[in-house]
Amino acid sequence: MHLTLEFGGGLELLLENSVKVHKVDVEPKHGEGKVAMRGLLSWVKSNLIKERPEMFVKGDSVRPGVLVLINDCDWELCGGLDAELEEKDVVVFISTLHGG
C-alpha cells in the first residue's frame, strides 16, 4: 500500500537525514487485508525512526502531544489505532511539544 507520511514539529529530527516527507510502501500484516494505524506506527518505528523512538511512540500508540492526521482529519475521528488506511492516504505526524 502506497502512503505518504509527513513529519513536523521536530519529529523529522528523529528520522534519517531529517527528511519531512516520505513516500512509502507498507504491506498489511499477514492475514489482514488493510494496514491499520497500529501496524503503521510499528512499521514507522522499525523502518524510519533512527533515534529516540520514545519521542514518537509510547506503548503501541503515539506519545501524548503528537497530533496525527489522516488525510487532514484527526485520527481519533477516523478510529485511532484501529483506523484502516487506504491506498495513497496521507498521514501527518506533528509534535505539539516544544522545550523551553
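Structure notes:
- Lone unmet requirement of (1) surrounded by 12 or more Cβ atoms within 10 Å (Cβ to Cβ); (2) in a loop (DSSP other than H, G, I, E, B); (3) not hydrophobic (A, V, I, L, M, F, W, C) for Lys88: (1)
- Pick from the stretch 57-84, criterion assigned to a loop (DSSP other than H, G, I, E, B), out of contact with any strand residue (DSSP E or B) (no Cβ under 7 Å at 6 or more places or on another chain) and among the small types (Gly, Ala, Ser), ranking: farthest from Ser42 (Cα to Cα): Gly79
- Qualifying residue in the stretch 32-39 (condition: touching a helix residue (DSSP H, G or I) at 6+ places or on another chain (Cβ under 8 Å) and within 21 Å of Leu97 (Cβ to Cβ)): yes
- Comparison of Gly80, Gly33, Gly99, Gly10 shows that the only residue that is on the phi > 0 side of the Ramachandran plot, of a type in the set (Gly, Ala, Ser) and either modelled with pLDDT under 95 or more than 12 Å from the chain's Cα centre (by Cα) (or both) is Gly10.
- Comparison of Asp82, Asp60 shows that the only residue that is loosely packed, with under 13 Cβ neighbours inside 10 Å, touching a residue at least 40 places away in the same chain (Cβ under 8 Å) and not β-branched (Val, Ile, Thr) is Asp82.
- Conditions (1) assigned to a helix (DSSP H, G or I); (2) open to solvent by less than 40 Å² (accessible area, probe 1.4 Å); (3) more than 12 Å from Phe93 (Cα to Cα): number failed by Val24: (1)
- Which listed residue, of Ser18, Ser42, is open to solvent by 20 Å² or more (accessible area, probe 1.4 Å), more than 17 Å from Leu81 (Cα to Cα), among the hydroxyl-bearing types (Ser, Thr, Tyr) and without any contact (Cβ under 8 Å) to a residue 24 or more places away in the chain: Ser18
The values are calculated or read from the model by the stated rules, or taken from the named source; none is laboratory data. The shown structure was predicted, so the numbers you read here are calculated from the model rather than taken from an experiment. Here Cβ is always computed from backbone atoms with ideal geometry, including for glycine, and neighbour counts include all displayed protein chains. Side chains are part of the model used for accessible areas, which takes the heavy atoms of the whole protein and leaves out ligands, DNA and RNA. Shrake-Rupley method; radii C 1.70, N 1.55, O 1.52, S 1.80 Å.
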